């Protein structure tokens, strides 16, 4: 298989980098990490404006370059169909795509109010009221999926949806968002996922800090 490179930014702050990295690992793709300088203006734009498609993650695989998280997922599903990024059943697959697309294109208030920061942990946190509908919608998505497909992951087995929502689990933990027991258990399943533990170890080892991301939005 052709050589692959995944361009990412901060492991502590970049939720989109985390998603792309998880997806590539889940697909069994062997790749080299290329980390963009965190002080680069375009990288800071990606982090501070919370865009799903600026520079990272960017997958280069042979002569092919893909730079949007959903596009990366679809590409990986094509080249590694047995990896299970998408459920086998057509209806379930459509549901998985729908909830993944929702986190990809929406929840701006949540992403602004609760930026990803794996190094931080608040015992209490006063959430911006505009983010509460986003939190409730995510809770509803998780509850429906877990009740419909039986857990422990959103669609029973690991899929792209778990990679897409993994950063949300970290946000809920960082900002002490109260969760029902079943949803708390789902987050713990994500935290116990070896790939998440590997990423988190890398995030905790990062020396950089971005002052703008330490303030409340």
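The values are calculated or read from the model by the stated rules, or taken from the named source; none is laboratory data. Nothing here was measured: the structure is a model prediction, and the numbers come from that model. All Cβ positions, glycine included, derive from the backbone under ideal geometry; neighbour counts span all protein chains shown.
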Among (1) more than 16 Å from residue 107 (Cα to Cα); (2) not in a loop (DSSP other than H, G, I, E, B), the one test that residue 122 misses: (2)
Where residue 119 falls short, out of the listed (1) closer than 19 Å to residue 164 by Cβ; (2) touching a residue at least 60 places away in the same chain (Cβ under 8 Å): (1)
Only listed residue being farther than 22 Å from residue 10 by Cα, touching a helix residue (DSSP H, G or I) at 6+ places or on another chain (Cβ under 8 Å), at pLDDT below 95 and buried (at least 19 other Cβ atoms within 10 Å of the Cβ), chosen from 131, 113: 131
Residues being more than 12 Å from residue 155 (Cα to Cα) and touching a helix residue (DSSP H, G or I) at 6+ places or on another chain (Cβ under 8 Å) - total across region 96-107: 6
